[in-house]
Amino acid sequence: MSTGGGDTAVGRDGPEGVRSQTTAVPGVPAHGGRRRGRGERTMVPDADFVSYYGRPIVKPAPWEADIPAYLFAGGLAAGSSLLAAGADLTGRPVLRRSARLAALGGLSFSMAALVHDLGKPSRFLNMLRVAKLTSPMSVGTWILSAYGPPAGLAAAAEVVRMLPPEARRGPLRLARYVDRPAGLLAALLAPPVASYTAVLLSDTSTPSWHEAYRELPFVFVGSAAAAASGLGLVTAPLAENGPARRLAVAGAVLELTMEHRMEQSMGITAEPLHQGRPGRLMRAAKVLTAAGAAGALLAGRSRLVAAASGAALLAGSWCTRFGIFEAGQESARDPKYTVVPQRRRLEEEGPVRYSG
Amino acid sequence: MSSLFKENDLWGPLDPSAEAGYGEDRPKRKGFFTDTSICIGCKACEVACKEWNDVPADHFDMLGSSYDNSHSLNANQWRHVAFIEQPSSRGRATVDLGMPDVGPPGSGDGAGAYGAAASEDPDASPMDFRWLMSSDVCKHCTHAGCLDVCPTGALIRTEFGTVVVQDDVCNGCGYCVPACPYGVIERRKEPEGAKNVGIAQKCTLCYDRLDAGKVPACAQACPTQSIQFGDVEELRERANQRVERLHEAGVMDARLYGNDPDDGVGGTGAFFLLLDEPEVYGFPPDPVVPTRDLPHMFRQASRAAVTLAVGAAVVFLGRRR
Ligand code: SF4
Ligand code: SF4
Ligand code: SF4
């Protein structure tokens, strides 16, 4: 160690195990972050950066599959409430019924996922002690709490409609008075349910979530529309599936174009969206969503095509949510995505400083 | 949307305890100035913190990262001492740190740790690499991402301007974890049977000790006064003087980190004097609290929601099928 011999000094300093990590020696610029798997491409050329033994700087969220599943189910529920209200107003009873039941299903699944993540139901109530505008999770809890009851009522009214007339007795007769108002109220509250989850992810220091904040809400509402209309295509007869077909195409186009724009604006933090598991999920999402939308264009003539396109759209939405969720987690685990963008900003614009 | 938030609510200079509603008789904001240039890496702070706060043992491994065997700040590690062995290939002349070495004793300054100016001549320096040591801790940010996003109100601002988790209110949602720009706070997952498993944990700036008018355990234990505790305002002053002195002594690498109330988190209550770029120590180079962009995020989300509503209405217009 006596001569400061250029870059070779790096290798001589640490034990073997340390050296094999590319960023092992602190204070010495290293090439790239973690090792990449086979067949993965990078959008941005590798950047030199410095880190502390390659260890993460920010911490990944301690969340598991519950949360992306929740994102998917919440979007499905919200989109379905919108479809159900439209179907109700335009006289499409089968679409209305399936969409209302899907909304309730999505909502129940969401709540189950949340409670599972928290460990026990009573912990959900802790969040109802406060309303806090700076916390998207608090805002979202209140949005869900407002949306849940009318969505549930609309589904309940639907179940009552399915009963034989002689069974609709007592309080059940009231169902037809709440039927349409509950459905419309649910539809009114549904769009924020679909879009707030983007803010939930973006309001963090997780690089690939935060940097996506401009476009992510549009990706998520597009994905919600695609999923809900996908379910509509699976369940509704040809005579009623027109709106679902059009919403499927619109949702898919919105999702795909905004996702593309998002990747363009994210700089190096778009990288995790192309690599490893999240990369595969995102590629699958694009193929499934595009295929589902293409199928939806033809789905006015064949029940089979409609059902297949619907299934593809549902699967595509699922992959989008998991892909974006996991890409964010990856970006938090690699210090590169924290250091490099901040360094670039420092070089180009100087430090972030408040002015007035 | 931004008008829903008060002036400088989300970022910019601010007295955090005043903003949180504490009255005129509140104590002055408390914090740490950690002068890493005199840290000797003894880890007394790590030990004192664990003892006082009853923080369970963390994994204790030979990590192959110099003398760092406590890995990182996490739920079970509220102080963490970083060790960096830096070859001179880092591209700067080394400076005599006054550390024990194998060369002849007293290689000629006697002015203490940073008396000697940077040496241009490699032969005059007893070492061609340097040690950097730094005791890291929660920054007690002016605009704390963790506190902003906490949906239960478990994270609070104390009268001392510090940020503390109320263990009995936290529901373990974990949202604070990715919100922190420094990766400090974490949900405790082990060891089994320890208290507060499943609850977010981090440095409290020894809230109980401050309440009793005492100095935090880590600062008390630090033998070199690398960890200095006090009123943030006064510490900022002291830090400026220290940097100036080091610059005069030729240590041009010395810089402050977190002391600027105009920075991305409104300045930190615990700030640092560093001898290299922040990321060398595992700090983000230019952190910004995520909630700074929250008004913009809500605006985008509202636009997206309207897009969805309009789109869903339009698809029902027109053709009957
Ligand atoms: S450093 Fe992280 S955990 Fe500490 S106050 Fe700031 S945001 Fe919260
Ligand atoms: S884990 Fe606890 S402290 Fe952290 S955001 Fe959730 S409720 Fe708040
Ligand atoms: S202030 Fe107290 S809780 Fe925080 S690191 Fe020091 S000893 Fe631990």
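So B:K139 passes all but one of these: (1) within 14 Å of ligand 3 (Cβ to nearest atom); (2) more than 10 Å from chain A (Cβ to nearest Cβ); (3) open to solvent by 10 Å² or more (accessible area, probe 1.4 Å). Which condition number does it fail?
(3)
Quick one: would you say B:G213 is of a type in the set (G, A, S) and either in contact (Cβ under 8 Å) with a residue 60 or more places away in the chain or within 12 Å of ligand 2 (Cβ to nearest atom) (or both)?
Working: of a type in the set (G, A, S): yes; either in contact (Cβ under 8 Å) with a residue 60 or more places away in the chain or within 12 Å of ligand 2 (Cβ to nearest atom) (or both): no.
So B:G213 does not fit the description; no.
Which of the numbered conditions does B:V197 fail, given that it passes all the others? Conditions: (1) of a type in the set (A, V, I, L, M, F, W, C); (2) open to solvent by 10 Å² or more (accessible area, probe 1.4 Å); (3) over 20 Å from A:E64 (Cβ atoms).
For B:V197, the exception is condition (3).
Residues are listed down the side, and each one gets a yes or a no for (1) outside any helix (DSSP H, G or I); (2) modelled with pLDDT of 85 or more:
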{"residue": "B:L10", "(1), (2)": "yes, no"}
{"residue": "B:S17", "(1), (2)": "no, yes"}
{"residue": "B:D25", "(1), (2)": "yes, yes"}
{"residue": "B:K28", "(1), (2)": "yes, yes"}
{"residue": "B:C42", "(1), (2)": "yes, yes"}
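Looking at the stretch B:284-302, I want the residues that are at negative phi and have a partner that is basic (K, R) with Cβ atoms under 6 Å, at least 6 apart or on another chain. Which pairs are those?
B:P285/A:R343; B:Q300/A:R214
With the requirement that a residue be touching a Pro at 6+ places or on another chain (Cβ under 9 Å) and either within 11 Å of chain B (Cβ to nearest Cβ) or open to solvent by 60 Å² or more (accessible area, probe 1.4 Å) (or both), what does the stretch A:71-110 give you? Spell out the reasoning first.
At the first step, the residues of the stretch A:71-110 found to be touching a Pro at 6+ places or on another chain (Cβ under 9 Å) are A:78, A:81-83, A:86-87, A:90, A:92, A:94-95.
Residues satisfying the conditions are A:A78, A:S81, A:L82, A:L83, A:G86, A:A87, A:T90, A:R92, A:L95.
Check whether at least one residue in the stretch B:180-192 is within 7 Å of ligand 2 (Cβ to nearest atom), open to solvent by less than 20 Å² (accessible area, probe 1.4 Å) and free of Cβ contacts under 8 Å to residues at least 40 places away in the same chain, and report yes or no.
no
Checking A:T320 against (1) open to solvent by less than 20 Å² (accessible area, probe 1.4 Å); (2) farther than 21 Å from A:V199 by Cα; (3) within 15 Å of the chain's Cα centre (by Cα), which single condition isn't satisfied?
Result: A:T320 passes all but (2).
Can you tell me how many residues within the stretch A:276-305 are surrounded by fewer than 20 Cβ atoms within 10 Å (Cβ to Cβ) and over 19 Å from A:T235 (Cα atoms)? Outline the logic, then answer.
Looking only at the stretch A:276-305, we keep the residues that are surrounded by fewer than 20 Cβ atoms within 10 Å (Cβ to Cβ), and these are A:276-277, A:280, A:283-284, A:286-287, A:290-291, A:294, A:297-298, A:300-305.
Right, trim to over 19 Å from A:T235 (Cα atoms) and you get A:276-277, A:280, A:283-284, A:286-287, A:290.
Selection size over the stretch A:276-305: 8.
Return the residue satisfying two criteria in turn: it lies in the stretch B:159-173 and is more than 6 Å from ligand 2 (Cβ to nearest atom) and touching a Lys or Arg at 6+ places or on another chain (Cβ under 9 Å), and of such residues it is farthest from A:I57 (Cα to Cα). Before you say what the answer is, go through the steps one by one.
Keep residues of the stretch B:159-173 that are more than 6 Å from ligand 2 (Cβ to nearest atom), which gives B:159-164, B:166-169.
Now drop any that are not touching a Lys or Arg at 6+ places or on another chain (Cβ under 9 Å), which leaves B:159-164, B:167, B:169.
Details: B:E159: 29, B:F160: 27, B:G161: 24, B:T162: 22, B:V163: 20, B:V164: 21, B:D167: 25, B:V169: 27 Å.
Once the filter is applied, the top-ranked residue is B:E159.
Can you name the residue in the stretch A:119-136 that is modelled with pLDDT of 90 or more and crowded, with 22+ Cβ neighbours inside 10 Å and, of all such residues, is farthest from ligand 1 (Cβ to nearest atom)? Working first, answer last.
We begin by selecting, within the stretch A:119-136, every residue modelled with pLDDT of 90 or more; these are A:131-136.
Right, trim to crowded, with 22+ Cβ neighbours inside 10 Å and you get A:135-136.
Numbers: A:S135: 13, A:P136: 16 Å.
Filtering the stretch A:119-136 for residues that are modelled with pLDDT of 90 or more and crowded, with 22+ Cβ neighbours inside 10 Å, the one farthest from ligand 1 (Cβ to nearest atom) comes out as A:P136.
Can you report the number of residues in the stretch B:246-278 which are free of Cβ contacts under 8 Å to residues at least 40 places away in the same chain and either out of contact with any strand residue (DSSP E or B) (no Cβ under 7 Å at 6 or more places or on another chain) or not assigned by TED's automatic domain parsing to the domain that holds B:C203 (or both)?
5
Please find, among B:A312, B:A219, the residue that is more than 7 Å from every other protein chain (Cβ to nearest Cβ) and assigned to a helix (DSSP H, G or I). Outline the logic, then answer.
Numbers: B:A312 fails: more than 7 Å from every other protein chain (Cβ to nearest Cβ).
Within the list B:A312, B:A219, the selection yields B:A219.
Matching residues to (1) more than 7 Å from chain A (Cβ to nearest Cβ); (2) buried (at least 24 other Cβ atoms within 10 Å of the Cβ):
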position	(1), (2)
B:F271	yes, no
B:E277	no, no
B:G282	no, yes
B:P285	no, no
B:V289	yes, yes
B:R292	yes, no
B:S302	yes, no
B:L308	no, yes
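Identify, from the list B:V149, B:V177, B:V164, B:V197, the residue that is touching a Phe, Trp or Tyr at 6+ places or on another chain (Cβ under 6 Å) and within 11 Å of another protein chain (Cβ to nearest Cβ).
Details: B:V177 fails: touching a Phe, Trp or Tyr at 6+ places or on another chain (Cβ under 6 Å); B:V164 fails: within 11 Å of another protein chain (Cβ to nearest Cβ); B:V197 fails: touching a Phe, Trp or Tyr at 6+ places or on another chain (Cβ under 6 Å).
The unique qualifying residue is B:V149.
Keeping to the stretch B:22-40, report how many residues are away from ligand 1 (no atom under 16 Å from the Cβ) and away from every other protein chain (no Cβ under 14 Å).
At the first step, the residues of the stretch B:22-40 found to be away from ligand 1 (no atom under 16 Å from the Cβ) are B:22-28, B:35-40.
Imposing the further condition that a residue be away from every other protein chain (no Cβ under 14 Å) reduces the set to B:22-28, B:35, B:37-40.
Total satisfying the criteria: 12.
Quick check on my filter: what residues within the stretch A:111-127 are among the small types (G, A, S) and within 8 Å of chain B (Cβ to nearest Cβ)? Give the steps one after another, and end with the answer.
Going residue by residue through the stretch A:111-127, those that are among the small types (G, A, S) are A:112-113, A:119, A:122.
Within the stretch A:111-127, just A:G119 meets the criteria.
Could you list all residues from the stretch A:334-353 that are surrounded by fewer than 18 Cβ atoms within 10 Å (Cβ to Cβ) and either touching a residue at least 40 places away in the same chain (Cβ under 8 Å) or of a type outside the set (A, V, I, L, M, F, W, C) (or both)?
Passing the criteria: A:R344, A:R345, A:E347, A:E348, A:E349, A:G350, A:P351, A:R353.
Going residue by residue through the stretch B:246-255, is there one that turns out to be outside any helix (DSSP H, G or I), more than 16 Å from ligand 2 (Cβ to nearest atom), within 14 Å of another protein chain (Cβ to nearest Cβ) and surrounded by 13 or more Cβ atoms within 10 Å (Cβ to Cβ)?
Yes, because at least one residue in the stretch B:246-255 is outside any helix (DSSP H, G or I), more than 16 Å from ligand 2 (Cβ to nearest atom), within 14 Å of another protein chain (Cβ to nearest Cβ) and surrounded by 13 or more Cβ atoms within 10 Å (Cβ to Cβ).
Return the total of residues in the stretch A:213-233 being farther than 19 Å from A:P136 by Cα and open to solvent by 10 Å² or more (accessible area, probe 1.4 Å). Before the answer, list the steps.
Start the filter on the stretch A:213-233 by keeping residues that are farther than 19 Å from A:P136 by Cα, which leaves A:222-223, A:225-233.
Pick out the ones that are also open to solvent by 10 Å² or more (accessible area, probe 1.4 Å) and you get A:231.
Of the residues in that region, 1 qualify.
Spot the failing condition for B:L235; the list is (1) in contact with a strand residue (DSSP E or B) (Cβ under 6 Å, 6 or more places away or on another chain); (2) away from chain A (no Cβ under 14 Å); (3) open to solvent by 10 Å² or more (accessible area, probe 1.4 Å); (4) not small (G, A, S), and only one is missed.
Every condition holds for B:L235 apart from (3).
The values are calculated or read from the model by the stated rules, or taken from the named source; none is laboratory data. Fair warning: this is a prediction, and the values are worked out from it, not measured in the lab. Cβ sites come from the backbone with ideal geometry, for glycine too, and all protein chains shown count toward neighbours. Side chains are part of the model used for accessible areas, which takes the heavy atoms of the whole protein and leaves out ligands, DNA and RNA. Shrake-Rupley method; radii C 1.70, N 1.55, O 1.52, S 1.80 Å.
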